[in-house]
Amino acid sequence: MTHHTLPPRRELALLLTIAGIQFTHILDFMIMMPLGPQFTRLFGISDAQFGLLVSAYTLSAGVSGLAAATYVDRFDRKHLLLVLYTLFALATLACGLAPGYGFLMAARIAAGLFGGVLSALSQTIVADVVPFERRGRAMGIVMSSFSFSTVAGVPIGLFLAAHLSWQAPFIGIALLSGLLALAAALTMPALSHHLRAGHRPSVWRGIGRVLAQRNHQRAFAFSATLMFAGFMVIPFITIYMQANVGLSTEQIPYLYLCGGCATLLTARLFGRLTDRLGKVRVFSWMAAAVVVPLLATTLLPASPLWAALLVSTLLFVCMSGRMIPGMAILTSAADPAQRGTFMALNAAVQSAGMGLASLLAGWIIGRNALGQVTHYWVAGLIGAAASLLTIVMARRLVMHGAVQASPHRP
């Protein structure tokens, strides 16, 4: 399948636009986690109920991904992106207008329905436009949106929540999404190259063909395990840092500010290393390295701010360093002619992995008589084991476009 190649400047503009869209989508999801202590206090809910609030978004995104697999390869990528992004902005606005826990739960489910497909569609566009040999760098640019969301988005969101209300960050994200949707409509080219392919099977037959490929099955398992490993720990970091480590509400934004700055500096580096040294090699290094901060985060005792910053920043860097080659591996494992359907299904798989991990971790952890979080280290141990498992899984994948890949299709 021929790439819809663009001139270098146009390609960069496209990647930055997608990064902006990803920024709001990621921030909408991330801002929930540091607000956990506020939600548990204001709504009178347990940690498990907060875990359900987090997983409701990811599980609805999974359902949406399954539905998107029936249509994502049948529309112009640009038009589909704009429609979904507009609906996502409206759902996020509804979160900001929620009067209570029940309404907020419904709004988070709606945001997940539209936001989950955005990520898959963005990654599909990158894979369609950028050739294999530059895809690691491209993923580094797009995934720098994670860094910007932690450097600027989360601290600003927490500032608004502290000085206005918890609803303010969601309203701000919705307004920013509206502006970015307008910018995308004006700057993005039509992305319909995939529609000019030859005979196209029926929707369900197309999904069946994607699911039937052994390489795709292995890629989906890899993807689910990749997300499961991180989300055994991530949703409850803020709650643990305040209840056990002793950080104040005012100190929490520093975790995201330092972690975001560090990943902002390292994301492009990991992208270049991914292309230069090999996607699987760099991924293996980072999937093993993340075990240390993953366990350290869940075992950290009462500590000064600098110690908490050291551990959390290392976790952010290793998580980012793992995801950049990981996503380059996934997009390359997809059959190019079926990449949109594959990535939509992958969004469902990833969302299921995140949602199940959040639910499981919520059931595992508890509170003692002092209000401290208990058994968090068990969740960390499960996440670490899952991360090590992904190293084995990545080595079994065939990547299309790689010189070393077998010419036959698995």
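A few comments on the model shown:
- Where labels lie 7 Å past Cα in the beta-carbon direction, separation of Leu16 and Leu164 in nm: 2.6 nm
- Virtual spin-label span in nm between Leu265 and Leu182, 7 Å along Cα→Cβ: 3.6 nm
- Peptide ranges 365-375, 262-272 listed from the most packed, as the mean C-beta count within 10 angstrom indicates: 262-272, 365-375
- Neighbourhood charge, 15 Å Cβ-Cβ cut-off, centred on Gly116 and excluding it, Lys, Arg +1 and Asp, Glu -1: 0
- Dimensions of the stretch 268-363 based on its C-alpha atoms, expressed as ranges along the principal axes with the largest first, amount to 53, 37, 17 Å.
- Amide hydrogen proximity for Arg367: with H placed 1.01 Å from N in the peptide plane, the residues at 5 or more positions away or on another chain lying under 5 Å are Thr374.
- Gap separating the Cα centres of the stretch 274-317 and the stretch 12-65, nearest whole Å: 22 Å
- Apportionment of accessible area to carbon and sulfur, the stretch 255-322, percent (1.4 Å): 76 percent
- When a 1.4 Å probe is rolled over the protein heavy atoms, the share of accessible surface on the stretch 19-118 that falls to carbon and sulfur comes to 76 percent.
- Three-way shape label, the stretch 213-346, alpha-carbon gyration tensor, a/c 1.5: prolate
The values are calculated or read from the model by the stated rules, or taken from the named source; none is laboratory data. What you are looking at is a predicted structure, and each value in this text was computed from that prediction instead of being measured. Counting neighbours? That spans all protein chains shown, and the Cβs are built from the backbone with ideal geometry, glycine included. Calculation scope for accessible area: heavy atoms of the full protein, side chains included, ligands and nucleic acids excluded. Shrake-Rupley method; radii C 1.70, N 1.55, O 1.52, S 1.80 Å.
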